[in-house]
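Worksheet: one structure, shown below.
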Amino acid sequence: MDGRALAERIRADVADEVSDLDRAPGLATVLVGDDPASDIYIRNKHKAAREAGIDALDHRLAQYASEEDVLGLVQELNEKDEIDAILVQLPLPDGIDENKVIRAVEPVKDVDGFHPFNAGQLYLGEPTHVPATPLGILALLDEYDVELEGASAVVIGRSQIVGKPVAHLLLQRNATVTLCHSRTKDLADRARAADVLVVATGRAGLVGADEVKEGATVVDVGINRAETGIVGDVDPAAAGRAGLITPVPGGVGPMTIAMLLRSTVRAARYRRGQLAYPL
Ligand code: NAP
């Protein structure tokens, strides 16, 4: 499943949608500290946003910023009318309570979908803002017409950012979902039973080729640095058994940014009353 090609098309669609709005959507990112990986993520998001015609504003606070500094900035961004979407880059430095910061973001502007209101809406089966990676996974499965209704879907990893939300999205599409994690017994047997297998653990090669059912659809979310470059959580030899599989890189990764841009337009539409936001 080619995430690069689909992401490119989605980004072009987003650019079209942006040009139909009365003014460009405003996306504010907040980066605290000088983590080099976070810096790269933020730069990539800004570049993609600009290409889609979104006004991206880069807010940076020093590593030693206090929790009040971060909460103060978030509040300022909540109050700014020209800001439609707020993205606080995680992780935050030690000493800053991430949950407190996440809860401080105005839910309608929370394009990451981490605020308890948005997470709760997903739990209720009425999604509002949903984290971008799970949205990207569903978009890829749909692009390749993967049957989800009644399918056995196994998700390995239960993080708030990938595993849990993707399990909810699959459940909503009437898949029978098994959510696995580090304490799951018989992980290999569970993986082998999956028609749709989503792996998001950050453990290179966790799923071996013989743990994939013949003809299954495999989504490899993992990003792991190896001597050979970036590798996923699934042994690439699994491509020999899978019906469909995402490459790493070039699968889920590019979809995440594309879906973040789409969520930014969604936030702009919520705020203009073009879509109903239930809060
Ligand atoms: P995370 O918060 O560290 O969560 C990892 C999950 O994997 C946890 O639920 C953990 O179980 C489970 N796990 C760890 N070792 C396991 C094992 N041996 N067997 C079964 N389950 C195991 O990670 P994350 O943020 O979800 O990210 C997961 C991976 O996806 C990372 O490589 C990350 O870089 C990548 N990622 C990619 C994108 C993208 O755009 N492509 C976006 C986000 C994340 P416990 O809960 O029991 O500890």
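The values are calculated or read from the model by the stated rules, or taken from the named source; none is laboratory data. The structure presented is a predicted model; accordingly, all values stated were derived computationally and were not measured. Positions of Cβ are generated from backbone atoms using ideal geometry, with glycine treated the same way; all protein chains shown enter the neighbour counts. All accessible areas refer to the heavy atoms of the entire protein, side chains included, with ligands and DNA or RNA removed. Shrake-Rupley method; radii C 1.70, N 1.55, O 1.52, S 1.80 Å.
It is to be established whether one or more residues within segment 160-183 are open to solvent by 10 Å² or more (accessible area, probe 1.4 Å), within 15 Å of the ligand (Cβ to nearest atom), polar (S, T, N, Q) and part of a loop (DSSP other than H, G, I, E, B).
Within segment 160-183, one or more residues are open to solvent by 10 Å² or more (accessible area, probe 1.4 Å), within 15 Å of the ligand (Cβ to nearest atom), polar (S, T, N, Q) and part of a loop (DSSP other than H, G, I, E, B).
Among the residues of segment 239-269, count how many are surrounded by fewer than 21 Cβ atoms within 10 Å (Cβ to Cβ), within 21 Å of the chain's Cα centre (by Cα) and away from the ligand (no atom under 16 Å from the Cβ).
Adding up the residues that qualify gives 2.
For ALA132, indicate whether it is within 11 Å of the ligand (Cβ to nearest atom) and closer than 30 Å to GLU67 by Cα.
yes
For segment 254-276, indicate whether the set of residues that are assigned to a strand (DSSP E or B) and of a type outside the set (Lys, Arg) is non-empty. Walk me through it before giving the result.
First pass over segment 254-276, keeping only residues assigned to a strand (DSSP E or B): none.
The answer is no, given that none of the residues of segment 254-276 is assigned to a strand (DSSP E or B) and of a type outside the set (Lys, Arg).
Out of everything in segment 199-213 that is of a type in the set (A, V, I, L, M, F, W, C) and either open to solvent by 60 Å² or more (accessible area, probe 1.4 Å) or in a helix (DSSP H, G or I) (or both), what residue ends up being farthest from the ligand (Cβ to nearest atom)?
Looking at residues that are of a type in the set (A, V, I, L, M, F, W, C) and either open to solvent by 60 Å² or more (accessible area, probe 1.4 Å) or in a helix (DSSP H, G or I) (or both), I get ALA209.
Mind checking which residues of segment 106-125 are assigned to a loop (DSSP other than H, G, I, E, B) and either within 16 Å of the ligand (Cβ to nearest atom) or open to solvent by less than 10 Å² (accessible area, probe 1.4 Å) (or both)?
Start the filter on segment 106-125 by keeping residues that are assigned to a loop (DSSP other than H, G, I, E, B), which leaves 106, 111-115, 124-125.
Answer for segment 106-125, where residues must be assigned to a loop (DSSP other than H, G, I, E, B) and either within 16 Å of the ligand (Cβ to nearest atom) or open to solvent by less than 10 Å² (accessible area, probe 1.4 Å) (or both): VAL111, ASP112, GLY113, PHE114.
So that you can scan it fast, the table gives a plain yes or no per residue for (1) part of a loop (DSSP other than H, G, I, E, B); (2) surrounded by fewer than 22 Cβ atoms within 10 Å (Cβ to Cβ):
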site: PRO127; (1), (2): yes, yes
site: LEU135; (1), (2): no, no
site: LEU197; (1), (2): no, no
site: GLY215; (1), (2): yes, yes
site: GLY222; (1), (2): yes, no
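Please list, ordered by first then second residue, the pairs with beta carbon atoms under 9 Å, 6 or more apart or interchain, first in segment 25-41 and farther than 24 Å from GLU79 by Cα, second open to solvent by less than 10 Å² (accessible area, probe 1.4 Å) and in a strand (DSSP E or B).
Pairs found: SER38/LEU31; SER38/VAL32; ASP39/LEU31; TYR41/LEU31.
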